[in-house]
Ligand SMILES: [Zn+2]
């Protein structure tokens with residue numbers, strides 16, 4: 001049984017039971033057991049943002065039609081039924097693993113980020129668009145810019161980066177760390 005160790009060698013991905021997928025997780029791959037009992041990973045060519053719901057037993061979409069009799073006999077969960085897959089359900093056995101990139105948790109006191117392809121997001125603050133994204137060259141750290149100026153750099157968490165950036169935007173220059181000041185000096 002190797003399921004929980006399975007990963008796709010991409011940072012931030014993990015294997016979770018389909019029943020534990022949460023709204024907002026990005027589903028990258030399904031898994032299936034081979035005849036020898038090994039876990040095989042089937043990568044989705046079109047990953048989607050999960051919106052789990054209970055199974056829809058009478059659904060006649062291509063996803064439901066493709067279920068095998070074995071699968072139909074198991075508890076199922078619909079992880080997605082939106083337009084990326086032409087409104088076919090991704091309906092999977094609740095106790096099979098899927099590979100996900102877990103949704104980013106965000107503190108309630110911070111502005112909601114609009115996701116971007118750079119794995120970060122943007123938010124509006126006092127009429128400005130603020131960009132939050134992994135630090136170039138150090139992708140486990142976070143950087144925030146607005147109007148081409150660095151507001152926060154090399155922050156350990158995205159929330160910390162956003163908090164610092166908001167303080168800077170509010171006029172608190174003490175919130176600028178050495179890293180942010182250095183980045184400003186280099187980009188001016
Ligand atoms: Zn369906």
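The values are calculated or read from the model by the stated rules, or taken from the named source; none is laboratory data. Here the structure is a predicted model, which is why all the values come from computation and not from measurement. Using ideal geometry, Cβ is built from the backbone for each residue, glycine included, and neighbour counts are taken over all protein chains shown.
Can you report the number of residues in segment 14-39 which are modelled with pLDDT under 90, under 18 Å from residue 74 (Cβ atoms) and not in a loop (DSSP other than H, G, I, E, B)?
Qualifying residue count for the region: 3.
Go through segment 50-86 and give me each residue that's modelled with pLDDT under 90 and either buried (at least 16 other Cβ atoms within 10 Å of the Cβ) or out of contact with any strand residue (DSSP E or B) (no Cβ under 9 Å at 6 or more places or on another chain) (or both).
Correct list: 83, 85, 86.
Could you please tell me which pairs satisfy a Cβ distance under 9 Å, a separation of 6+ or placement on different chains, a first residue in segment 54-74 that is not assigned by TED's automatic domain parsing to the domain that holds residue 93, and a second residue that is assigned to a loop (DSSP other than H, G, I, E, B) and within 10 Å of the ligand (Cβ to nearest atom)?
Qualifying pairs under 9 Å: none.
Assess whether residue 91 counts as being within 19 Å of residue 18 (Cα to Cα), modelled with pLDDT of 90 or more, surrounded by 17 or more Cβ atoms within 10 Å (Cβ to Cβ) and more than 9 Å from the ligand (Cβ to nearest atom).
When the stated conditions are applied, residue 91 does not pass them.
Quick check on segment 53-77: of everything there that is closer than 15 Å to residue 20 by Cβ and in contact with a helix residue (DSSP H, G or I) (Cβ under 8 Å, 6 or more places away or on another chain), which residue is farthest from the ligand (Cβ to nearest atom)?
Out of the qualifying residues, it is 75.
For residue 114, only one of the following conditions fails: (1) surrounded by 15 or more Cβ atoms within 10 Å (Cβ to Cβ); (2) touching a strand residue (DSSP E or B) at 6+ places or on another chain (Cβ under 6 Å). What is its number?
It is condition (1) that residue 114 fails.
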